[in-house]
Amino acid sequence: MAGTYLPAMIILFPINLKQLLKYLFYPKERKRMKTIRIENNFARVCPGLKIGIIGAQVTNTETDPRLWEQIDDEASRIAAAYKIDEINKRPAIQATRKAYRSFGKDPNRYRVSSEALCRRIIRGLGIYRIDTLVDLINLVSVRSGYSIGAFDADRIEGDTLILGVGKEGEIFRGIGRGVLNIEGLPVYRDDKGGIGTPTSDEERTKITLDTKNLFVIINAYGEEMPLDETIAFTTGLLRQYASAENIRTDIVSADLFID
């Protein structure tokens, strides 16, 4: 049968065509990107929210000196452009803080992650070195002002994440933070529970050096860097530093979920 010789035939094709044939003829090679739904009540409070999502197959590494040259350059730009009391006036950060207040959460006590990163830079503390994927996402967050969630897609339960508001007593173990009180915080939930907020993501679905399938959520409560440019910047970094393949992107608008 002709199908018997397909794997040998694939080896003879250029790499891009080889990947295409694997995608077409070997369904197990495909990774469907997770989808996002927004609860109606949440969408009514934040109708202008737009969410950039990215799915990709990646290779993570401990660190990349070339990436850190870019991070250091961006950190220098932030330190020169802002005083510490000006960071929360950046449009993307200010809009996210406004959302927190709308749900009854104090953004000075539970800081938006992009704000926290920029504050560390201005205070001379620098950005944590974690691994290439996390460092890369932190770079995008600092440049764009957006809070960005990045997850190991294979650890997410189910195919759809639902964005709503954290509830009293809801268990959420923030990465490196222990149990985090997410009552009143925007939270993405999979079939098992919360996995991401604009303040911190959950230990259960965090990126590790073993992560092969990445899912990224860019939270644009108010626009600063155009969202399509932010997505393009992120995917470019993923290709350059994480050998990203099978990249899929989308933009989800909250106003589409208002009844």
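The values are calculated or read from the model by the stated rules, or taken from the named source; none is laboratory data. Model, not experiment: these values are computed from the prediction. Virtual Cβ from ideal backbone geometry, glycine too; neighbours counted across all protein chains shown.
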Fill in: Answer residue from the stretch 97-133, given it is under 18 Å from Ile175 (Cβ atoms) and aliphatic (A, V, I, L, M) and is surrounded by the most Cβ atoms within 10 Å (Cβ to Cβ) among those
Val112
Fill in: Residue list for the stretch 228-252, restricted to those being polar (S, T, N, Q), under 16 Å from the mean Cα position of the chain (by Cα) and outside any helix (DSSP H, G or I)
Thr249
Worksheet item: With respect to Thr234, is the statement that it is β-branched (Val, Ile, Thr), touching a Leu at 6+ places or on another chain (Cβ under 9 Å) and under 10 Å from Ser144 (Cβ atoms) true?
Response: yes
Worksheet, complete the sentence: Of the conditions (1) of a type outside the set (Val, Ile, Thr); (2) surrounded by 12 or more Cβ atoms within 10 Å (Cβ to Cβ); (3) within 21 Å of the chain's Cα centre (by Cα), the single one that Arg44 does not satisfy is (3)
Worksheet item: What residue, among those in the stretch 48-68 that are out of contact with any Leu (no Cβ under 6 Å at 6 or more places or on another chain) and of a type in the set (S, T, N, Q), is surrounded by the fewest Cβ atoms within 10 Å (Cβ to Cβ)?
Response: Thr63
Response to the item:
When Arg37 is run through (1) in contact with a strand residue (DSSP E or B) (Cβ under 8 Å, 6 or more places away or on another chain); (2) among the basic types (Lys, Arg); (3) part of a helix (DSSP H, G or I), the failure sits at (3)
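Listed here are the residues, each with its yes/no results for (1) under 15 Å from Ile54 (Cβ atoms); (2) modelled with pLDDT of 95 or more.
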position: Leu133; (1), (2): yes, yes
position: Ala150; (1), (2): yes, yes
position: Glu168; (1), (2): no, yes
position: Gly176; (1), (2): no, no
position: Ile195; (1), (2): no, yes
position: Glu202; (1), (2): no, yes
position: Thr211; (1), (2): yes, yes
Fill in: Scan of the stretch 201-226 for residues that are buried (at least 18 other Cβ atoms within 10 Å of the Cβ) and not in a loop (DSSP other than H, G, I, E, B), ordered by number
Asp201, Glu202, Arg204, Thr205, Asn213, Leu214, Phe215, Val216, Ile217, Ile218, Asn219, Ala220
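Report yes if Ile195 is surrounded by 21 or more Cβ atoms within 10 Å (Cβ to Cβ), among the hydrophobic types (A, V, I, L, M, F, W, C) and in a loop (DSSP other than H, G, I, E, B), otherwise no.
Considered against the rule, which asks whether it is surrounded by 21 or more Cβ atoms within 10 Å (Cβ to Cβ), among the hydrophobic types (A, V, I, L, M, F, W, C) and in a loop (DSSP other than H, G, I, E, B), Ile195 comes out as no.
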Response to the item:
Of Gly166, Gly176, Gly184, Gly158, the only residue that is more than 21 Å from Gln57 (Cβ to Cβ), in contact with an Asp or Glu (Cβ under 6 Å, 6 or more places away or on another chain) and not charged (D, E, K, R) is Gly166
Worksheet entry | Criterion: closer than 23 Å to Leu256 by Cβ, touching a residue at least 60 places away in the same chain (Cβ under 8 Å) and polar (S, T, N, Q) - qualifying residue of Thr208, Thr160, Thr199 | Thr160
